[in-house]
């Protein structure tokens, strides 16, 4: 039997992975205790995704456990280790602001639990592939030291800079800059995953995501930029723009495109590999441009508020250079544009607000 383990299985990336790999593995074991609702309130609950997965994926088993529970995690690996071929670690505490108020929980979830999972793999299934969803926040605020140019609707890196053509690559330093406590806990996990690949020889890969998004996100003000923006427009709620005149730039990667990256790695794994993963020059926008696009697609106006104080450690300009990944895995390519992502998100949020549920299945 071939088994894939997915942490954060009811979240955006985890549930996309469950849907994708359920068609390719004998069994999918998903770990998720809906901590997102505890972090960000009931509107951010992922329970609806769990219900959809259990309904549509016959070979999916949900494990309602906290990844900080070492005994529970070790029990899972002990019971299933001989059949585990792939571990996708997508669970996290994902917010800068929440981490500052709950530093111990943030570090335990993001860093310590990652160590527990790595030890589970090393002890019980050392030939399994281990994929970790890290974040571009491991680079801290170093991208803000780039030579940036203010344009009408966005900031851009100076056109003569090496990052201008394709974005920021993996050679940017992650040291001696401000990260936020969330960024630090993810750095610790990121490096640990690399080290288990280099020191112990495990088949580990790190993906440093930009804005990972898609129609199945349970967005909240503290995390889930595009989804939360769409929610505010459709629910007639005010949306607050924090700092940089709303011209800060993010690249946006559809969760399905990211999971197809996972598939490429599973078929040809590295050891301690690191890749930036984002929309790159293919799919990116400033906050102002995102608002304009959402208003055009929904036909509604957004009520905006502006707070001139930017979030600590926030990036002014981030576009991921995915050249390293595409060089190692040339069969992979983007399937979703920014317009696709927003259009799908508008449809999905509208259906949920009207109580209709997913249009077809958990992947829609």
Being within 25 Å of residue 339 (Cβ to Cβ), in contact with a strand residue (DSSP E or B) (Cβ under 8 Å, 6 or more places away or on another chain) and buried (at least 22 other Cβ atoms within 10 Å of the Cβ) narrows 167, 183 down to just 167
Residue set 113, 38, 58, 72; condition part of a helix (DSSP H, G or I) and over 29 Å from residue 198 (Cα atoms); output residue 38
- Message: Quick check on region 56-66. Is at least one of its residues in contact (Cβ under 8 Å) with a residue 24 or more places away in the chain, closer than 28 Å to residue 138 by Cα and either in contact with a helix residue (DSSP H, G or I) (Cβ under 9 Å, 6 or more places away or on another chain) or surrounded by fewer than 23 Cβ atoms within 10 Å (Cβ to Cβ) (or both)?
- Response: yes
Within region 89-110, residues assigned to a helix (DSSP H, G or I) and either under 30 Å from residue 1 (Cβ atoms) or in contact (Cβ under 8 Å) with a residue 60 or more places away in the chain (or both) come out as 96, 97, 98, 99, 100, 103, 106, 107, 109, 110
Look at residue 221 and say whether it is surrounded by fewer than 21 Cβ atoms within 10 Å (Cβ to Cβ) and within 24 Å of residue 268 (Cβ to Cβ).
-> no
(1) within 17 Å of residue 315 (Cα to Cα); (2) within 15 Å of the chain's Cα centre (by Cα); (3) at pLDDT 95 or above; (4) in a helix (DSSP H, G or I) all hold for residue 190 apart from (1)
Could you go through region 32-45 and let me know if any residue there is crowded, with 24+ Cβ neighbours inside 10 Å, touching a helix residue (DSSP H, G or I) at 6+ places or on another chain (Cβ under 9 Å) and modelled with pLDDT of 95 or more. yes
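Conditions (1) surrounded by fewer than 23 Cβ atoms within 10 Å (Cβ to Cβ); (2) modelled with pLDDT under 95, marked per residue:
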site: 71; (1), (2): yes, no
site: 76; (1), (2): yes, no
site: 80; (1), (2): yes, no
site: 84; (1), (2): no, no
site: 94; (1), (2): no, yes
site: 110; (1), (2): no, no
Given the conditions (1) at pLDDT 95 or above; (2) surrounded by fewer than 24 Cβ atoms within 10 Å (Cβ to Cβ), every one holds for residue 206 apart from (2)
Tell me whether region 124-143 contains one or more residues that are part of a loop (DSSP other than H, G, I, E, B), more than 30 Å from residue 83 (Cα to Cα) and modelled with pLDDT of 95 or more. yes
Is it fair to say residue 196 is in contact with a helix residue (DSSP H, G or I) (Cβ under 7 Å, 6 or more places away or on another chain) and farther than 30 Å from residue 49 by Cα?
yes
Counting only strands (runs of 3 or more DSSP E) wholly inside region 256-349, the ones holding at least 1 residues that are at pLDDT 95 or above and buried (at least 19 other Cβ atoms within 10 Å of the Cβ) are 273-277, 284-286
From the option list 165, 156, 195, single residue qualifying as in a strand (DSSP E or B) and more than 17 Å from the chain's Cα centre (by Cα) is 156
Restricting region 120-156 to residues that are free of Cβ contacts under 8 Å to residues at least 60 places away in the same chain and surrounded by fewer than 17 Cβ atoms within 10 Å (Cβ to Cβ), the one farthest from residue 191 (Cα to Cα) turns out to be 152
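The values are calculated or read from the model by the stated rules, or taken from the named source; none is laboratory data. Note that this is a predicted model, so its numbers are computed, not measured. No Cβ is skipped: glycine too gets one built from the backbone with ideal geometry, and neighbour counts run over all protein chains shown.
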